[in-house]
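The values are calculated or read from the model by the stated rules, or taken from the named source; none is laboratory data. These numbers come from a predicted model, not from an experiment. Glycine also receives a Cβ, built like all others from the backbone with ideal geometry; neighbour counts cover every protein chain displayed.
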Amino acid sequence: MKMAARPVIKMPDPMLRRKSHKVTAFDKDMQILVDEMIETMRQESGVGLAAPQINISSQLIVVEYPLDDQVEDAKLELFVVVNPDLSKTNDETVVGIEGCISVPDLVGEVERYDSVLVNGLDRYGKKQKIYATGWLARIFQHEIDHLNGILFVDLAKKIWKPEVENDGEKITLE
């Protein structure tokens with residue numbers, strides 16, 4: 001059964017600045033929320049979504065991205081992480097361009113760890129560890145920041161409105 005997508009809140013909604021609460025119940029309502037978050041992420045063409053982005057103050061994220069983004073047409077992997085805890089695996093950082101469905105029409109250069117270990121629970125409360133590198137590591141850091149009230153614009157070294165194509169011509173948003 002396909003779940004309904006939920007509305008995504010946008011900056012400057014104060015919910016995006018709050019620290020989220022730990023999840024303690026893994027009941028039917030939690031499973032529905034997970035499914036609705038997955039549907040919302042996909043409908044918004046996102047690679048990740050945190051519960052605060054749909055106005056829910058819970059430590060819950062969903063991510064969908066290939067484990068190996070170097071392989072063309074690699075299968076997307078779906079991750080559901082409850083109460084995630086992030087640790088770096090080394091000191092190497094990389095600057096990359098990020099955007100966010102809660103911060104439309106802006107992108108920015110953000111420095112992030114190149115590899116991370118994500119500890120948390122799956123949607124049923126079972127412990128899990130996810131080792132992520134490259135863009136997958138960036139996505140996890142971005143989504144976990146949402147659980148702490150941090151947006152990519154807070155960390156960006158440079159922010160701008162991206163160019164969009166209009167009938168084949170690139171234009172810059174004002």
Given the options Ser102, Ser57, name the one that is in contact with a helix residue (DSSP H, G or I) (Cβ under 6 Å, 6 or more places away or on another chain) and not basic (Lys, Arg). Ser102
Hey, does the range 36-55 have a residue that's part of a loop (DSSP other than H, G, I, E, B) and over 14 Å from the mean Cα position of the chain (by Cα)? yes
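Each row is one residue, and each column tells you yes or no for (1) touching a helix residue (DSSP H, G or I) at 6+ places or on another chain (Cβ under 7 Å); (2) loosely packed, with under 13 Cβ neighbours inside 10 Å.
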| residue | (1), (2) |
| --- | --- |
| Val8 | yes, no |
| Met30 | no, no |
| Glu44 | no, no |
| Val47 | yes, no |
| Pro52 | yes, no |
| Asp69 | yes, yes |
| Ala74 | no, yes |
| Ser87 | no, yes |
| Asn90 | no, yes |
Hey, can you tell me all the residues within the range 95-127 that are assigned to a strand (DSSP E or B), under 20 Å from Asp154 (Cβ atoms), in contact (Cβ under 8 Å) with a residue 24 or more places away in the chain and aliphatic (A, V, I, L, M)? Val95, Val103, Leu106, Val107, Val110, Val116
Here is a list: Ile61, Ile139. Which entry is surrounded by 14 or more Cβ atoms within 10 Å (Cβ to Cβ), within 12 Å of the chain's Cα centre (by Cα), in contact (Cβ under 8 Å) with a residue 40 or more places away in the chain and not in a strand (DSSP E or B)? Ile139
Go through Ala4, Ala25 for me and flag whichever is at pLDDT 95 or above, hydrophobic (A, V, I, L, M, F, W, C), in a loop (DSSP other than H, G, I, E, B) and loosely packed, with under 14 Cβ neighbours inside 10 Å. Ala25
So how many residues does the range 81-94 have that are modelled with pLDDT of 95 or more and assigned to a strand (DSSP E or B)? 8
Considering residues that are within 19 Å of Gln53 (Cβ to Cβ) and among the hydroxyl-bearing types (Ser, Thr, Tyr), the number found within the range 95-154 is 1
Collect the residues in the range 109-136 that are over 14 Å from Ser87 (Cβ atoms), crowded, with 22+ Cβ neighbours inside 10 Å and not β-branched (Val, Ile, Thr), keeping them in residue-number order. Leu136
Residue tally, condition free of Cβ contacts under 8 Å to residues at least 12 places away in the same chain, among the charged types (D, E, K, R) and on the phi < 0 side of the Ramachandran plot, over the range 64-90: 3
Do we find a residue being within 18 Å of Asn119 (Cα to Cα) and touching a strand residue (DSSP E or B) at 6+ places or on another chain (Cβ under 8 Å) anywhere in the range 68-77? yes
